[in-house]
Structures are given as structure tokens and as C-alpha cells.
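Everything on this sheet refers to the single structure shown next.
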Amino acid sequence: QMQLVESGGGSVRAGGSLSVSCAASGPPISNYFMGWFRQPPGKEREFVAAIRPRAGGTDYAESVKGRFTISRDDARNAVDLEVNSLESEDAAVYYCAAGSGYYLRVAAASAYEYWGRGTRITVSS
């Protein structure tokens with residue numbers, strides 16, 4: 001059983017940046033797709049970014065492409081998400097997730113087996 005714990009959320013002014021992290025315990029994440037999802041207030045959970053095992057190819061939602069960067073550190077057993085040029089629409093609880101499928105629909109929440117409890121990012125104007 002894998003456990004995921006997000007950290008690093010906080011309050012950021014519009015246009016600002018921060019980095020959130022997802023620390024994994026249990027099995028190593030090296031063989032897992034790792035994803036970030038978010039849930040804005042009053043909305044459903046949505047895909048943000050994903051990074052693939054080993055080679056580390058990445059995928060991003062169109063809304064964050066060019067502003068967010070996902071990375072993995074298998075030695076640290078962690079995945080990070082750098083968020084830049086934050087907008088009010090980026091305010092949400094951010095969740096990390098892990099999926100073990102060889103072929104994975106990276107943008108589909110149902111493809112991931114393990115989830116953290118989330119960390120909140122608030123954006124002020």
C-alpha cells in the first residue's frame with residue numbers, strides 16, 4: 001500500500017509562484033505514473049500534470065501548460081509541481097496520485113490507484 005502526502009501549499013499573490021511536493025511511502029514510485037490533480041472551489045477534480053516512469057515524459061493540462069512544471073525524484077521518492085504565474089483560477093486543493101498501469105490515461109483520475117489528501121493553494125489579487 002502506497003501513501004502519498006502533499007505539502008507546500010499556501011497563499012500566493014496573483015502572478016506569484018510556489019512549489020508543492022508529494023512524498024510517497026510504501027513501494028517506490030519509480031515504476032509508477034505520477035499525477036497532479038486539483039479541485040477548485042465548487043468544481044470537480046481536474047487533471048493538472050503527469051510524469052511517466054523512468055524516462056519521465058510529461059503531460060500537462062492546456063490551462064497550465066507553460067506555467068507549471070512537474071518533476072520526479074525517485075531517489076527521494078517524491079514528485080514536485082512548480083506553479084508559476086498563478087491566476088485566480090489556479091486556486092484549488094492540489095492532489096497527487098500514483099498509477100501502476102503500463103499504458104495509462106494520464107488525465108483520467110480513475111487511472112490512478114493511490115491518492116494523497118491534498119494541499120491547498122490560495123491566490124489573492
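Could you list, in sequence order, all residues of region 92-125 that are surrounded by fewer than 19 Cβ atoms within 10 Å (Cβ to Cβ), among the polar types (S, T, N, Q) and touching a residue at least 40 places away in the same chain (Cβ under 8 Å)? Matches in region 92-125: Ser100, Thr122, Ser124, Ser125. For the residues Ala55, Ala14, the requirement of being under 19 Å from Tyr103 (Cα atoms) and over 14 Å from the mean Cα position of the chain (by Cα) singles out Ala55. The residues in region 11-30 that are in contact with an Asp or Glu (Cβ under 9 Å, 6 or more places away or on another chain) and open to solvent by 60 Å² or more (accessible area, probe 1.4 Å) can be counted, and the count is 3. The set of residues in region 34-55 that are open to solvent by 20 Å² or more (accessible area, probe 1.4 Å) and touching a Lys or Arg at 6+ places or on another chain (Cβ under 8 Å) comprises Gln39, Arg45, Glu46. Against the list (1) open to solvent by 30 Å² or more (accessible area, probe 1.4 Å); (2) touching a helix residue (DSSP H, G or I) at 6+ places or on another chain (Cβ under 8 Å); (3) polar (S, T, N, Q), the condition Ser88 fails is (2).
The values are calculated or read from the model by the stated rules, or taken from the named source; none is laboratory data. Just so it is clear, the model here is predicted, and its values are computed rather than measured. As a convention, Cβ positions derive from the backbone with ideal geometry for all residues, glycine included, and neighbour counts pool all protein chains shown. SASA here: full protein model, heavy atoms, side chains in, ligands and nucleic acids out. Shrake-Rupley method; radii C 1.70, N 1.55, O 1.52, S 1.80 Å.
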